[in-house]
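Undergrad: Below is a structure I'd like to ask you about.
The values are calculated or read from the model by the stated rules, or taken from the named source; none is laboratory data. Here the structure is a predicted model, which means the values were calculated and not measured. Positions of Cβ are backbone-derived with ideal geometry, glycine not excepted, and every protein chain shown enters the neighbour counts. Ligands, DNA and RNA are excluded from the accessible area calculation, which covers all protein heavy atoms including side chains. Shrake-Rupley method; radii C 1.70, N 1.55, O 1.52, S 1.80 Å.
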Amino acid sequence: MNQTTLPIFPLNNLILPGEKKFLHIFEERYKELLKDCLNSGSDFGVVTWLKNKPDSTRVLSEFGVAVKIVRILKTTEKGETDLIVEGDGIFKMTNFKSVASPKLYGMAEADFFQTEYITRNTELISSVNSVLKMLGKNMVSINTDEISVFKLAEKINLSNEEKYKLLKCEALEGKENLMLNKIKQEILILDAEKKLDGDFWLRSEEHTSELQS
């Protein structure tokens, strides 16, 4: 396990490994964070806010993803920046400081760990393709025998809490099972929506016929 010090950027939604995201930087502390990372060519760590079950307060997640800056899109006169980042390695935070003086932003010791994430589970890949087919003609199916479970996660509607469970699950089998359970729920929902939509149109046609008779 490798340890390093990372600037920390909390977000409401996690960025998964391999996932690209648009960010808009406007707070002074994160303007400084971005400037430092650009100058040093280093990554920064993204963690997320989670609800603390006993009292519903928000707490920062223990696990996060280091992200690399892919492209700067625009910087305004006020120093606000639009950029694209991409998720990379998974880490666990230790010794987090919300303000790492003299810096304005927070930093943490980050323990990086290796986790297997390339799946060859045919049931999982097939299930994701079933969901994509149900979602519409413009959804691109997956034509490969192996793929990152995180890439599959981008294809379906995972909540932030589900993304976090996927992220911190070290065993590949655990990741696959989590995804399969989510996909089965998604298929049930899509089936119910399709049935409801079909029933609506059937009743509409019956109502039209009654009006015409």
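Undergrad: MET107 fails exactly one of the following numbered conditions: (1) under 20 Å from TRP49 (Cα atoms); (2) in contact with a helix residue (DSSP H, G or I) (Cβ under 6 Å, 6 or more places away or on another chain). What is the number of that condition?
TA: Failed condition: (2).
Undergrad: When residues of region 131-162 are filtered for being within 18 Å of LYS20 (Cα to Cα) and touching a Ser or Thr at 6+ places or on another chain (Cβ under 8 Å), how many remain?
TA: Counting residues in region 131-162 that are within 18 Å of LYS20 (Cα to Cα) and touching a Ser or Thr at 6+ places or on another chain (Cβ under 8 Å) gives 5.
Undergrad: Can you tell me how many residues within region 51-99 are small (Gly, Ala, Ser) and at pLDDT 95 or above?
TA: Result for region 51-99: 3.
Undergrad: Which of the residues spanning region 14-35 are without any contact (Cβ under 8 Å) to a residue 24 or more places away in the chain and touching a Gly at 6+ places or on another chain (Cβ under 9 Å)?
TA: Correct list: LYS35 only.
Undergrad: Give the residues of region 88-105 that are open to solvent by less than 40 Å² (accessible area, probe 1.4 Å) and in contact with a Leu (Cβ under 9 Å, 6 or more places away or on another chain), sorted by residue number.
TA: ILE90, PHE91, MET93, TYR105
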